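J.: Sharing a structure with you now.
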Amino acid sequence: MDFDFNEDRGPAKYFHGRKQIIHIFNGALKFYCANKRGTTFLIQGAPGAGKTALLDMLSHLAKPKGWEVADISVEDLYTPASMAQSLGESYTIDSEYALKGGIKFIEGGFVESVAGHANPREVLKHLAPETGLILLLDEAQHLNNLLDPQDVKTSATTTLNAIHNGKLGKPVMLLTAGLSTSETALSSLGVSRIDGECTVQLGRLDKESECAVIRDWLTQAGGAVGDPSRWIDAIAKQAHGWPQHIISYVKPAVEYLCSNHHLMTDEGLEFVHEKGNEYREEYYQKRVKGIDKKKRHVLAKIFDGVPLGDTMELEDIMDALKEEYTEEVADKLFKKALEQGILDEHKDGDYGIPIPSFHTWLLDQYVRNKSQDIPPAPKQLPAKPEQLRLPPKKDDLSGVKKEKGDDKRKGSRGFLMER
């Protein structure tokens, strides 16, 4: 069977939940279009929370309302030709309209000249449609790297401020997502005082949405025969609402169902459990890749005794790191842990390990020296042999998408907190 998954990110194949975020986003579209102003809509969260999938869903919701959508890169924020090319490739731009703005597109959509445009802001003024434009930027935490040369940072700051503060004379929204360092990155480039409701801290899916996503995978992608409730409950107990974990378990579930007459047997559920554990382990290993074992041990030990889901003050974390390393090394390790999603900023500037099961895994592996082998599901009555073929030998199902959900509360800084 052909799977069109990406391993760690991308649009959701089945989307449920995040209703409050969608409601706020739709309100923002209406307000900024009516007032011909711009803003920044920021989604932050740990790796695997479904940020990219949510970006994709929000952009699709904007299109029927008359908004154009353009995928942009960090380079577009400081390079006029790059910004013009991204706009030209994303939606139709009238050639005469472009020429009046000093921009000419040649075959293939490439920009021949951007005469007189010293900043992407001027490109946006000329090429952004009056009906509204959404600039879609993923991995916003990489804006932290725009430090040198200074003219690059200055140009990006000018562009971002023009969008955020509505200086283009048109409704232009920067819709962006990234790790918890994204707000700091934007702030370093002059984007501050983002509307509290337009800054979302994305967490796990609510239970109803999680089960709806699992059901769709089993019944639509896997063609499951019969009532899937038992399989849904079993997968939900392992995934705990985290989109990436859901994918870890529905991937082998679909694999098994499509190879075994779409029957949900006890043996099949054991297969799903064991393979899902393996995929989840691979995901955790990827999060810590690039950090040596000693440093992993130090990071994990800091949270030994901290209840799952709880946080620590930044000062306490840094003090613990500085007991082992110089201040420079400690700072670099802390930054690396943020970049890789090992740590995540919560409300009030405190930090924690974002996914409870990842918290447990880190401690078991690097502090308690426990085996990483998660016990298999309790054995149940075996299926009749004639009903089954052996599970397929590891197709390359290397990747899958993420999904979404609701549940909100306000953080102390006005964040919309998803739990």
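J.: Could you count how many residues in region 233-249 are in a helix (DSSP H, G or I) and closer than 20 Å to residue 18 by Cα?
T.: Total satisfying the criteria: 7.
J.: State which residue is farthest from residue 90 (Cα to Cα) when the search covers only region 126-165 and only residues that are in contact with a Lys or Arg (Cβ under 8 Å, 6 or more places away or on another chain) and open to solvent by 10 Å² or more (accessible area, probe 1.4 Å).
T.: Applying the filter and picking the extreme gives 147.
J.: Which condition from (1) within 30 Å of residue 310 (Cα to Cα); (2) modelled with pLDDT of 90 or more is the one that residue 142 breaks?
T.: Every listed condition holds for residue 142 apart from (2).
J.: Can you tell me which residues in region 126-152 are assigned to a strand (DSSP E or B) and out of contact with any Pro (no Cβ under 8 Å at 6 or more places or on another chain)?
T.: Passing the criteria: 134, 135, 136, 137.
J.: Please verify whether residue 230 is basic (Lys, Arg), in contact (Cβ under 8 Å) with a residue 40 or more places away in the chain and out of contact with any strand residue (DSSP E or B) (no Cβ under 8 Å at 6 or more places or on another chain), treating the condition exactly as stated.
T.: Taking the combined requirement at face value, the residue does not satisfy it.
J.: Could you list, in sequence order, all residues of region 233-269 that are open to solvent by 10 Å² or more (accessible area, probe 1.4 Å) and under 27 Å from residue 353 (Cα atoms)?
T.: 233, 234, 237, 238, 240, 242, 244, 251
J.: In region 168-203, which residue that is part of a loop (DSSP other than H, G, I, E, B), at pLDDT 90 or above and in contact with a Gly (Cβ under 8 Å, 6 or more places away or on another chain) is nearest to residue 53 (Cα to Cα)?
T.: Per the criteria, the residue is 171.
J.: Oh, and also: For region 63-103, give me each residue that is surrounded by 20 or more Cβ atoms within 10 Å (Cβ to Cβ), assigned to a helix (DSSP H, G or I) and touching a helix residue (DSSP H, G or I) at 6+ places or on another chain (Cβ under 6 Å).
T.: The answer is 76, 77, 80, 83, 84, 86, 87.
J.: On to the next question. For region 149-175: of the residues being of a type in the set (Lys, Arg) and over 17 Å from residue 194 (Cβ atoms), which is nearest to the chain's Cα centre (by Cα)?
T.: Taking the candidates together, the pick is 153.
J.: Filtering region 105-125 down to residues that are modelled with pLDDT under 90 and outside any loop (DSSP other than H, G, I, E, B), which residue is most open to solvent (accessible area, probe 1.4 Å)?
T.: 112
J.: Just to check your reading of the model, which residue among 332, 301, 294 is touching a residue at least 60 places away in the same chain (Cβ under 8 Å) and either part of a loop (DSSP other than H, G, I, E, B) or surrounded by fewer than 17 Cβ atoms within 10 Å (Cβ to Cβ) (or both)?
T.: Criteria check complete, one pass: 301.
J.: OK, next. Which one of 288, 272 is open to solvent by less than 10 Å² (accessible area, probe 1.4 Å) and more than 18 Å from residue 49 (Cβ to Cβ)?
T.: Result of the check over 288, 272: 272.
The values are calculated or read from the model by the stated rules, or taken from the named source; none is laboratory data. For clarity, every value in this text was computed on a predicted model and none was experimentally measured. Cβ atoms come from the backbone with ideal geometry, glycine included; neighbour counts cover every protein chain shown. Just the protein is used for accessible areas: all its heavy atoms, side chains included, with ligands, DNA and RNA removed. Shrake-Rupley method; radii C 1.70, N 1.55, O 1.52, S 1.80 Å.
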